[in-house]
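Report on one structure; see the data block that follows.
The values are calculated or read from the model by the stated rules, or taken from the named source; none is laboratory data. Not measured: the values here are computed from a predicted model. So basically every Cβ, Gly included, is an ideal-geometry build from the backbone, and we count neighbours across all protein chains shown.
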């Protein structure tokens, strides 16, 4: 009898320990919350559709069903707009798939519909499947007008610890556009005053000119030694690889590929190292040989091929005043990457930067770089000079702004180092003047989400409307 009692007691204690252990492990994880990516956005007259995202704190091992209710103000479903997926009885049914941390839906204007600018749709996150709870940003308002956000906070969807995305951010629209950094290779400047080609710096691309102007005459023999020379190597001599990247300040006279000449025979062949795709380990994207010439339509013609190929492909790229650059992928041809030039201000990205290890500047791959658009200016303000909340329009006149692409760069965070992790610098913020002369004060509030890199956060406040 005693032996039986001991066995029962032992089993009960084991169960208590098991349950307690599970609860302790569960308690280590904060609630998994689902929220709208932003609380409000506008869709202006020139836009036909907009995509709205909902995100989880972290992915789960099961599908998460969501129900979103719609409340219309001055618009009617089908008559003025539709959604994908379709709404039924004023509700959207969505699913965040297992292993993912976001879902989205699209709102599309009905062809021919007219808007006065005061119409709205309010989307309420009504329910979510277990074990996910609804977070604070549970309502999203879409205005059928241009939106100039007065206050906003945003978690940047960089794709996690692999830094999968380059993310373009429009402060006035409270909108971000994440683009996989593996999606393009070259950008072609659309300004009327110059013909310039940039590399995908977020993929660690490099390019070296050779003294030939016929792709069919280029062979593997022309690339001898390039695997170590045209590559990121912080221990290489300064002059070895620095000329093969686009200089990170955004100066178009310091790109790896020279200006495209109006004289076709002056345009040489370049050997291009396509760099690295996101991954752990990161995989090499391979090599190409390219040549760029001007075409009769006032744009560019790109010729490209594999190194050993005896023929080549061509793509024509037209200039477009709505953008600063038009992009191509060697795999997919013409691709849409950055938004129109008036629809983004700053971008968060993995980046081909330069640093000095004691012998001068060398190319160096850097995470968490903030770059700015070519029509944007920025300046740092230390909190010791003026607190974030205290900064007002009257303080703008005393500042000296920079138009350099990486004027913010990595300044917003500490670099970490032996025994230390990178962290947001809380002693500074930035004043950003956008292309429409709106002034924003921006401070970064997080480097990670739930301990995972690749999801930094910031808040912005409108200081002066343009």
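In region 413-454, the qualifying residues are those that are in a loop (DSSP other than H, G, I, E, B) and free of Cβ contacts under 8 Å to residues at least 24 places away in the same chain, and the one that is nearest to residue 392 (Cα to Cα) is 425. Within the option set 117, 158, 129, being more than 23 Å from residue 432 (Cα to Cα) and in contact with a strand residue (DSSP E or B) (Cβ under 7 Å, 6 or more places away or on another chain) holds for one residue only, 129. For residue 182, the stated conditions do not hold, so it cannot be described as modelled with pLDDT of 95 or more, out of contact with any strand residue (DSSP E or B) (no Cβ under 6 Å at 6 or more places or on another chain) and surrounded by 19 or more Cβ atoms within 10 Å (Cβ to Cβ). From the residues in region 200-235 that are in contact (Cβ under 8 Å) with a residue 24 or more places away in the chain and out of contact with any strand residue (DSSP E or B) (no Cβ under 9 Å at 6 or more places or on another chain), which one is nearest to residue 292 (Cα to Cα)? Restricting to residues being in contact (Cβ under 8 Å) with a residue 24 or more places away in the chain and out of contact with any strand residue (DSSP E or B) (no Cβ under 9 Å at 6 or more places or on another chain), the top hit is 219. One residue alone among 192, 259, 173 is assigned to a loop (DSSP other than H, G, I, E, B), closer than 30 Å to residue 103 by Cα and outside the structural domain of residue 454 (by TED's automatic domain parsing), and that residue is 173.
Somewhere in region 215-222, is a residue part of a loop (DSSP other than H, G, I, E, B), surrounded by fewer than 15 Cβ atoms within 10 Å (Cβ to Cβ) and not assigned by TED's automatic domain parsing to the domain that holds residue 43?
Yes, the conditions are met somewhere in region 215-222.
Would region 301-317 turn up any residue that is under 21 Å from residue 250 (Cβ atoms) and part of a loop (DSSP other than H, G, I, E, B)? No, there is no match, as no residue in region 301-317 is under 21 Å from residue 250 (Cβ atoms) and part of a loop (DSSP other than H, G, I, E, B).
Here's the yes/no breakdown for (1) in the same structural domain as residue 194 (by TED's automatic domain parsing); (2) crowded, with 20+ Cβ neighbours inside 10 Å:
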site: 314; (1), (2): yes, no
site: 317; (1), (2): yes, yes
site: 325; (1), (2): yes, yes
site: 329; (1), (2): yes, no
site: 357; (1), (2): no, no
site: 366; (1), (2): no, no
site: 372; (1), (2): no, yes
site: 388; (1), (2): no, no
site: 396; (1), (2): no, no
